[in-house]
Amino acid sequence: MTKYILGIESSCDDTSAAVLSGTTILSNVIANQKVHSEYGGVVPELASRAHQQNIIPVVETALKRAKISKNELSAIAYTNGPGLLGSLLVGSSFAKAMAYSLEIPLIEVDHLQAHVLAIFAEKPGEEKLKPLFPYLCLTVSGGHTQLLKVNDYFDMELLGGTIDDAAGEAFDKAAKILGLPYPGGPVIDRLAQEGNPDRFKFSTAHLPDLQYSFSGLKTSFLYFVRDNLKENPNFIEENLNDLAASIQAAIIRSLTDKVKEVIRRYDLKDIALAGGVAANSGLRNAMLDIGKRYNRNIFLPSLDLTTDNAAMIAIYGYFKYLSADFSTIKATPYSSVRQRPK
């Protein structure tokens, strides 16, 4: 019997709903919130209000595109954290009410772990190679940067991560310094393709073990641009592409140096990339180069599965459904990894 899983994602500023048949994506609908662009970042209160407006039409559209009715659903999976609490409460409350009314299982999903498993979601008719357990996953987003040893769908061992800011935040901060619109990561990537990554040198943090740090890089970039603007008010305009390429190269170098260190320490043949920054063309190319140099299999998610989306929630929900790992309406959303229930 076909199992249809509805996924609901509302951890930040995108309201998303998806329907999967097994591991196959039947629909994946995302409603973006453009209101945040004028503030240069996500405003939590505005985000939660927009989720309330978007969630019903987004779910209805996902079911319509999947060509199924709500009564055919086998279970509902939703993001329970980490994320903005107001946003999470909208998605979790809707998922609980809908599952309760349909008398079907409810499945809570961790947002970061869902990013990792997005690589297993398939599109209709797609024959997709998938990483074999155990494998290494570099998860990079606006709020998180982690190196994970993925032993199976539910066993992910944290090898290292950032001690302060995330790589995606570094991209956005650099873009703000350069006067670029939010979100800045994609803009930096586009400009970098026309620039010289060796024009300016920015040092990266050298931390022990497999830890990352991007706060120092952000500060040094800020001071560098500020000092040069004092001498030349047109410095950014005259060097925009090279500045974008150089800061992107520094961030990518920091990320990939730790991946190379994992390769030296662990016998992991498969390496996957996940998270919003996985859409960055420079990082994708750098990971492919690592694969060729170290004889590793590199798995890159399709671009539509890198950003926050409900298909990744549904795929994790599907694996939990097979294990009968269900939750109750008493499950409480959590805003950070530290608050995740044991």
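Looking across segment 283-302, the residues that are open to solvent by 50 Å² or more (accessible area, probe 1.4 Å) and charged (D, E, K, R) come down to Asp289, Lys292, Arg293.
Please return the ranges of strands (runs of 3 or more DSSP E) entirely within segment 129-240 where 2 or more residues are under 26 Å from Gly81 (Cβ atoms) and open to solvent by 30 Å² or more (accessible area, probe 1.4 Å).
145-152, 155-161
Could you please let me know if Asp172 is of a type in the set (D, E, K, R), modelled with pLDDT of 95 or more and under 23 Å from Gly275 (Cα atoms)? The answer is no for Asp172.
Residues are listed down the side, and each one gets a yes or a no for (1) among the charged types (D, E, K, R); (2) over 16 Å from Leu305 (Cβ atoms):
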| site | (1), (2) |
| --- | --- |
| Ile119 | no, no |
| Glu127 | yes, yes |
| Thr139 | no, no |
| His144 | no, yes |
| Leu158 | no, yes |
| Glu169 | yes, yes |
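Out of all the residues in segment 251-270, which are in a helix (DSSP H, G or I), surrounded by fewer than 22 Cβ atoms within 10 Å (Cβ to Cβ) and not acidic (Asp, Glu)? If the condition is that a residue be in a helix (DSSP H, G or I), surrounded by fewer than 22 Cβ atoms within 10 Å (Cβ to Cβ) and not acidic (Asp, Glu), then Arg253, Thr256, Lys258, Val259, Lys260, Val262, Ile263, Arg264, Arg265 are the ones that fit.
State all residues of segment 276-304 that are in a loop (DSSP other than H, G, I, E, B) and not small (Gly, Ala, Ser); if no residue qualifies, say none. Step through it out loud before you land on a result.
So the first thing to find is which residues in segment 276-304 are in a loop (DSSP other than H, G, I, E, B), and the list is 280, 295-296, 300-302.
Asn280, Asn295, Arg296, Leu300, Pro301, listed by residue number.
Leu273 falls short on exactly one of the conditions (1) in a helix (DSSP H, G or I); (2) open to solvent by less than 20 Å² (accessible area, probe 1.4 Å); (3) of a type in the set (A, V, I, L, M, F, W, C), and that condition is (1).
Within segment 53-81, residues that are within 21 Å of Lys320 (Cβ to Cβ) and touching a residue at least 40 places away in the same chain (Cβ under 8 Å) reach partners that are in a helix (DSSP H, G or I) and of a type in the set (Val, Ile, Thr) with beta carbons closer than 8 Å, at six or more positions or on different chains, in the pairs Ala77/Ile313; Tyr78/Ile313; Thr79/Ile313. Take Asp257 and decide whether it is closer than 24 Å to Arg293 by Cβ and modelled with pLDDT of 95 or more. Considered against the rule, which asks whether it is closer than 24 Å to Arg293 by Cβ and modelled with pLDDT of 95 or more, Asp257 comes out as yes.
Starting from segment 316-339, keep only residues that are in a helix (DSSP H, G or I), then list their pairs with residues that are open to solvent by 20 Å² or more (accessible area, probe 1.4 Å) and of a type in the set (Phe, Trp, Tyr) whose Cβ atoms are within a distance under 8 Å, requiring at least 6 positions of separation or different chains. What qualifies is Tyr316/Tyr153; Phe319/Tyr153; Phe319/Phe154; Lys320/Phe154; Lys320/Phe326.
Of the residues contained in segment 29-43, one or more are found to be at pLDDT 80 or above and open to solvent by 40 Å² or more (accessible area, probe 1.4 Å). All of Asp289, Asp304 fail the test of being free of Cβ contacts under 8 Å to residues at least 24 places away in the same chain and either more than 30 Å from Ala244 (Cβ to Cβ) or out of contact with any helix residue (DSSP H, G or I) (no Cβ under 6 Å at 6 or more places or on another chain) (or both), apart from Asp289.
The values are calculated or read from the model by the stated rules, or taken from the named source; none is laboratory data. Model, not experiment: these values are computed from the prediction. Cβ coordinates were reconstructed from backbone atoms using ideal geometry, including for glycine residues, and neighbour counts include every protein chain displayed. Surface areas here come from the heavy atoms of the whole protein model, side chains and all, with no ligands, DNA or RNA. Shrake-Rupley method; radii C 1.70, N 1.55, O 1.52, S 1.80 Å.
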